[in-house]
Amino acid sequence: MVRERVLNPLKRKVLRKRISSSETRFGVAFIVLMIATGVWILAQRSNFDPSDRDISIEVLENDSVEDTLYQRPLKLWQEPGSASGGTASVDLGLFPSAVLDGGWKVDGRVETYDPDNLYEKINGAAEQYLSFGFQKLHYLTLSDGEHFVTVEIYEQGSFPNTLGIFAAQRDERRAVATEGNAFYYSTPVGAVGGMGGYYFKIAADSTAEAALTKAKALLDVLTDLPSGTNSTPRATTILMNDLGVPFERLAYVPTDAFQYDFATDFWFGSTEQASDVRYFIHEAPDSEAASSMFGRLVEEQGYEYSIVEQTENRAVFQHDFLKTFFAVEVSGQFVFGIDGSSGRQAADTGVRKIRGAVSG
Amino acid sequence: MSGPTRSKWDLPRMLRLTNVRILSQVFFFVAFILACWATWTSRLGGYPVSRLLEMDPLVLLSTGLATGHVYRYLGWGLLILAVTLLFGRVFCNWICPYGTLHQLTGWLFNIRKHPDRWKSNQYKKIYTLKYMGLAVFLIMAAFGALQIGLLDPICLMYRTVATAFSPASDMVMDALSAQTGGTFFWDALKFAPGTERRIFVGSFWIGLFLATLVGMNLVIPRFFCRVLCPLGALLGVFSRFAIFRINRDVHACTDCNLCLTRCEGASDPHAQLRLSECFGCMNCIDDCPEDALSFTFLGQDTKQVIPGTNLGRRRLVFSSIAGLIAFPLLKNHGVNTNANYSDTLIRPPGSVEESEFLERCIKCDQCINACPTNVLQPATFKEAGFEGLWTPVMNFNIGHCQLKCTLCSEVCPTGAIRRITVEERMGKGPFAEAGPISLGTAFFDVGRCLPHAMEIPCVVCEEVCPVSPKAIQTRDEEVKNVFGKLVILNKPFMVPDLCIGCGICQTECPVTDRRAVYVTPVGESRSSERRLLLHKRNRPEA
Amino acid sequence: MDNDKPKQNPAYVKEQLSRRSLIRRLATVAGLGTAAGYLTLAPEDWPFSMKDQTGLRSKPVITPLQLTDFRVEKPAMASDVAVGRGPNVEERLRKALDAIGGLTHYVKPGDIVLLKPNVAFDRSPNLGATSNPEIVEILVRMLLVDCRAQEVRVADNPIESPADCFAKSGVGPAAERGGGRVYLPDSNAFRTLNTPGAVLIENWLFFHRPLTNVDKVIGVAPVKDHNLCQASMGIKNWYGLLGGRRNQFHQDIHEIVSDLALMLRPTLTIVDGSYILMKNGPTGGDPSNVKPGDAIVAGTDPVALDAWAFEHLLERGTDFPRYLFKAEEKGCGRVDYRGRVELIT
């Protein structure tokens, strides 16, 4: 291998002879300048504003805003129903999971309706539910592959409303049973009933044994619904305990009692089946409101009835054509009376009974 | 001076111009390397680390042409111009660290002997090429395409040290520290201590570019400085007016041509001096046995100088035409327009709108050097096309853009990355109305996301999301996985209104090859054309 | 000193730099240096300073332009909106225009008029997706001949290739047959427009060139089904003058359409009920989507006009699109057209 040179062999030589003094002066000055520059550079180290590289907590505090993002709730795992063959689970919503007992599965999904779109489900009948304080309908169809059972739960908001719609829609021929808080009557294909603020209807698509059994079983399941307790307004206690009105013949009219728009919150009850004689009780917030209600009732009734007797807190009317008696009385915050009584005597007796109950 | 008496401490001889020049070169070279070394988050303090770039008159002129304004400290470029008007192109041989590198290489490895040696330092016609290049660059800059950074020596050197040399040097320091077991000493020598070794995409080509140019020294001494350097060309244009210059006393000259032995600029000091080529290295004065050469302003022989660039009108016209052609070619390349831009072209916070950015960025990559997370990378053709080659882009596979870091905007000499404060970046205080600076928007590739596609809990992305409220939210769901175990999956999704495109979700995503969450530049706040949302839902309408 | 050295090149005569030229050169350098120093280093607010301390100064400054109000007071007895029915387009158009006071009332001799048809898509005429070329041709003739307009321009910024849309919709040739000039959009045709009161397009890129020096603007729109905003009629037609990334506006369509009503206050709006695009709008493409009609509606109240067309031409009832009410809120007209529409059969 040839020995090559790697580095340049030439030495730095200075051939010139003369170096002027100004050159030396410049050299000294330049070196001083470089040293000065170096010192200046080193002095720059702390020549900066550290706050430029951060943000102060005060600024952060001033601009602080509450985090208002909507956080979706955790979606829990739900074992798909065994009959569903492992298909995706269905959110049952209000319904207890026990509705699926016995190998039944949800057909479709739980449908819900609110006052705005209830007519989509029950066109025409929606008005009646709305007048009884309807809030929400939960609609579920169950299937075992062959038969279908539908469950409708109407949230009516309160027990009186539930009772009201129950009484309004009740089939008079069916006997009402109570079980715990629930009251219901059976139909050939299921049951209709209520409890607390819920009004429910269970119906099978046929009278097949399996479907009917399921419908009956569902009745028990639904009594487990939350907030199904029945509040007991005083009027119901009076009607049932003191006047002997059976539960199934209680009725509640939230608005337009006697077809008067001012007559709201009226309870009715009759002691005998298929009777036109009805007790009624209205509990006003105070005695002044009760007097006002009494006054307006008396005035309005005067157009269809002839006055038989009238005092400050009591009036008896007889219907112009039917000849039935209508007696009304005010006492404290209660307005009460009897409607449809066939005789004056009976009307007085009835009213006296209520008066006793109300004041007692 | 009396005679050639030589003592060991001959002060005038020690302080002669060539020695002072070498001192100056060492000073500026060390200062340059120290500036690169100090451009690190733990060292930066208030050091003016970008000052050498800001003093570059070519940066001043070209950005001034492109933008019509002079950013922050760029006026310092006048200092070099003033020096040039006084002393000629002395920048090239007294200050320029890249020139120093070239001279050092030539001095060490150039083994030519006479007469090859002085012939290699004769002027050649090809040395006018740099003026043609300068004309092309300046005309393009005047239209708004800034490309001087490709060849400007300071930019080129900064870029190479930052992206090619510093990781290599750190690699050596790491090896040495592993051998010796020490850390603090070697840490002090490292460019980026206290972090994983930095990597820079495409730095091979950057390093090769520099190495090739340095290697060309062995073919033509100071090839880059004489043939290519646009800054040298600019200074050459100005140096024709220089007050001081090398003057040859014709009555003393014996035409021995020894002055060409070590002439750095190939400026023909043996004949009429080509003033625009002279680097002011002063070697010819040392090499003249007749003392016929001096660096002076008094008594200059006006017949012994050719002040101009020797470019000629013809070449000037042709190079201007080349510049005029280059501009539309570059701008219509179409890979970096608002109609079509790369989904990886994510600029650092504070960057001005893209077309303005390209009018300013000199590709010095000082920002890349300053970046503490290594997220800033020199762009390749893929991200920014030729026009944006080696400009800074964010690569969130490598790192993320730290919420409270504004170092890149602090060191940028030209305002391509505007100086911003953390307050402005986060959209707090006086910047609350403008909102935070957003670099882009993150998207999920749900087919690759562990909770979305594979029933495996993960959400590192949501955990690290630095904004409050978080731009990554989850839909939580309990499922029975394929092995029959109940697991809670937090399935992440984006809230684009809140995302600032910092990319930490992408960096931390465990699906490391093609990330399941990735940031693209759409929605970056610097551009109204690249807006994504008409309304930000978290901000009430004004 | 080597004073005894022989003099080289004795014949050579030096030409020494004179003190005078040296001083002149120094002075020039100092002067230029000072000037350059001032330009680059003087604080931003000093005159002629080029300094940009923040990097914000060199941000391009856009001075938006503003449009004039092109409305013309209608004759006292004329109705706001008129519907002309008849066997052919010309008759319908004349009936409708006459009922609102006649075209000559609105366009004066020497006016430069812009017709803005809807040429959004590369569709054949009579598919209901673009304006009816027949109307355009007749209208251009009426404007040039009856009204003696100086120039009639026809312009739109379509979604698809402008040249193709104008050619294949028949609107371009029709305009040229009538004697009008078609303005196609290119990158120089847009400028930023300032619309005071607009929510989304207070400052937005706008197809401005055809509107330069224009005196009157008439919109000629088809009636189209539109999935997002229910219907595209007279007001939505102005969308075709927007530039930039207008596709973002679909995130808030009713706001933008009502902004459009504010942006351009036209002299007249003409809505064509000859070919009504009943579904698959606003592109259509199948003849089965089109319902032929026999009405042309013209009017000075674009909101009332759109409301009438929505109810009677698209037959969508009175559940009007929200943008009409928003436009009413912004003061661009009244949705309630009752008593203000004249029907001429």
Count, for each residue of A:59-68, the Cβ atoms from other chains sitting within 10 Å of its Cβ, then give me the mean as a whole number. 4
For A:K323, the lysines lying under 30 Å Cα to Cα, once residues fewer than eight places off in the same chain are dropped, come out as A:K353
For the cross-link pairs B:K404/C:K326; B:K363/C:K51; B:K382/C:K236; A:K11/C:K14, which exceed 32 Å when the distance is taken from alpha carbon to alpha carbon? B:K404/C:K326; B:K382/C:K236; A:K11/C:K14
Kirkwood Rh over Cα pairs of segment B:252-396 into Stokes-Einstein at 10 °C, 1.306 mPa s: D in µm²/s? 81 µm²/s
Which three numbers, in whole Å and largest first, are the semi-axes of the equivalent ellipsoid of the protein assembly as shown derived from its Cα gyration tensor as √(5λ)? 91, 43, 26
Counting other Cβ atoms within 10 Å, which GluC sites (Glu not before Pro) in segment B:373-470 have at most 10 and lie in a DSSP loop? B:E433
Would you mind calculating the relative contact order of chain C from Cα pairs under 8 angstrom and at least 6 residues apart, reporting the percent as a whole number? 20 percent
Based on the Cα gyration tensor of chain B, what are the three equivalent ellipsoid semi-axes, each the root of five times an eigenvalue, rounded to whole Å and given largest first? 53, 25, 19
Normalised by the number of residues in segment B:211-360, what is the relative contact order in percent for Cα pairs under 8 Å and 6+ residues apart? 20 percent
Need the full-extension length gain, A:E304 to A:K136, defined as separation in residues times 0.36 nm minus the C-alpha distance. One decimal, nm. 56.6 nm
Which of A:T207, A:A98, A:F166, positive extreme of dipole for chain A (C-beta unit charges): A:A98
Report the label-to-label distance for C:E160 and B:I456 in nanometres (one decimal), using points 7 Å from each Cα along the Cα→Cβ vector. 4.8 nm
Given +1 on the Cβ of Lys and Arg, -1 on the Cβ of Asp and Glu, and no further charges, what dipole in debye does segment C:81-344 carry about its Cα centre, rounded to the nearest 20? 260 debye
Once you have all Cα-Cα distances for segment A:87-222, histogram them in 5 Å bins from zero and send the whole-percent values. 2, 11, 20, 22, 22, 15, 6, 1, 0
At q = 0.09, 0.12, 0.14, 0.15 Å⁻¹, the log10 of I(q)/I(0) for chain A from a Debye sum over equal Cα scatterers comes to -0.71, -0.97, -1.15, -1.24
The size of the Cβ-based charge dipole (Lys, Arg +1; Asp, Glu -1) of segment C:119-249 about the Cα centre, to the nearest 20 debye, is 160 debye
Classify segment B:441-520 from the C-alpha gyration tensor, please: rounded if a/c falls under 1.5, else prolate or oblate depending on whether a/b exceeds b/c. prolate
Can you give me the Cα centroid spacing of segment C:142-178 and segment C:307-345 in angstrom? 27 Å
In the Gaussian network model of chain C, springs joining C-alpha atoms below 10 Å, which of C:F249, C:F166, C:F190 carries the largest mean-square fluctuation? C:F249
FRET efficiency for C:H250 and A:S275, Cβ-Cβ distance as r, R0 = 56 Å, nearest 0.05? 0.25
For B:K485 and B:R514, what does the FRET efficiency come to when R0 = 25 Å and r is the distance between their Cβ atoms, rounded to the nearest 0.05? 0.35
Based only on other Cβ atoms within 10 Å, what is the fewest-to-most ordering of B:I398, A:I338? B:I398, A:I338
Of C:K224/C:K279; C:K95/C:K216; B:K428/B:K470; A:K75/A:K105; C:K168/C:K279; A:K121/A:K216, pairs whose Cα-Cα distance is over 18 Å: C:K95/C:K216; A:K75/A:K105; C:K168/C:K279; A:K121/A:K216
Which residue, B:T421, B:P289, B:F244, has the largest displacement toward the positive end of the dipole of chain B when charges sit on each Cβ (Lys, Arg +1; Asp, Glu -1)? B:P289
Taking the beta-carbon count within 10 Å as an exposure proxy, list C:W238, B:W186, B:W107 from fewest neighbours to most. B:W107, B:W186, C:W238
Per the charge dipole of segment B:354-431 (beta-carbon charges, Lys/Arg positive, Asp/Glu negative, Cα centre), the residue among B:F357, B:F381, B:S409 reaching farthest to the positive end is B:S409
What GluC sites (Glu not before Pro) in segment A:290-360 are in a loop by DSSP, with at most 16 other Cβ atoms within 10 Å of the Cβ? A:E304, A:E312
Find how many whole Å separate the alpha carbon centroid of segment B:496-542 from the alpha carbon centroid of segment B:213-275. 54 Å
To make sure I understand the rule: partners must be lysines, Cα under 23 Å from the Cα of B:K124, and not fewer than 8 residues away in the same chain. Which ones qualify? B:K113, B:K303
Using the Cα centre of the protein assembly as shown as the reference point, and only Cβ charges (+1 on K/R, -1 on D/E), how large is the resulting charge dipole? Debye, rounded to the nearest 20. 10800 debye
Would you mind computing, in nm to one decimal, how far apart the modelled labels at B:M171 and B:F318 are, each placed 7 Å from Cα along Cα→Cβ? 4.2 nm
Could you calculate the FRET efficiency of A:L10 with B:S355 from 1/(1 + (r/R0)^6), where r is the beta carbon distance between them and R0 is 56 Å, rounded to 0.05? 0.60
Sort A:T311, B:T441, B:T302 by Cβ crowding within 10 Å, fewest neighbours at the top. A:T311, B:T302, B:T441
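Readers should treat all values here as calculations from the given coordinates under stated rules, not as data from a laboratory. Note that the coordinates shown come from a computational prediction; the quantities given were computed from them, not determined experimentally. Note: ideal-geometry Cβ built from the backbone for every residue, glycine included; neighbour counts use all protein chains shown.
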